[in-house]
Amino acid sequence: MPQAVADELAEGRNLGVSLPDPVTLSWLILRQAQDLTPLASVVNVLGAGEREALALALEIPDSIVLLDDAPARRYARRLGIKFTGTLGVLLKAKQSGHLTTVLPILDQLDSLGFRLDSVTRASVLKLACE
């Protein structure tokens with residue numbers, strides 16, 4: 001996980017938002033990108049977490065980046081970086097047997113302010129056979 005994303009999560013926790021602390025996740029490795037130069041042109045478009053995630057993807061071969069932000073996804077496409085979103089991760093987790101249902105997680109995301117329109121929500125639930 002990019003250090004900038006961990007920093008953004010810490011900011012959210014400091015504001016009272018229920019977010020994980022990456023330091024407590026033994027399976028997760030925090031990394032800082034060595035070179036943010038390829039992303040200098042998007043400083044005013046993308047957040048620090050998205051910029052560092054994309055920079056790390058350029059540094060680590062065969063990376064798949066977790067991106068939900070539309071501008072970050074567009075830039076990833078331009079750079080040839082593979083990505084998925086939160087909903088894609090949830091569907092893959094259900095298909096792999098790590099989740100039995102995605103509905104309660106969608107409800108929790110909704111309560112946290114995750115932007116998900118009703119058509120997309122219905123599509124995800126249909127793909128999850130729920």
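The values are calculated or read from the model by the stated rules, or taken from the named source; none is laboratory data. Quantities reported herein were computed from a predicted structural model and do not represent experimental measurements. Glycine gets a Cβ as well: all are built from the backbone with ideal geometry, and neighbour counts include every protein chain shown. SASA here: full protein model, heavy atoms, side chains in, ligands and nucleic acids out. Shrake-Rupley method; radii C 1.70, N 1.55, O 1.52, S 1.80 Å.
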Does L87 meet the test of being in a helix (DSSP H, G or I), under 26 Å from S123 (Cβ atoms) and open to solvent by less than 80 Å² (accessible area, probe 1.4 Å)?
yes
Report, by residue number, each residue of region 56-69 that is closer than 20 Å to R115 by Cβ, open to solvent by less than 50 Å² (accessible area, probe 1.4 Å) and outside any loop (DSSP other than H, G, I, E, B).
V65
Which of the residues that make up region 1-46 are under 18 Å from R73 (Cα atoms) and at pLDDT 90 or above?
M1, P2, A4, V5, L46
Restricting region 100-127 to residues that are modelled with pLDDT under 95 and in a loop (DSSP other than H, G, I, E, B), the one most open to solvent (accessible area, probe 1.4 Å) turns out to be R115
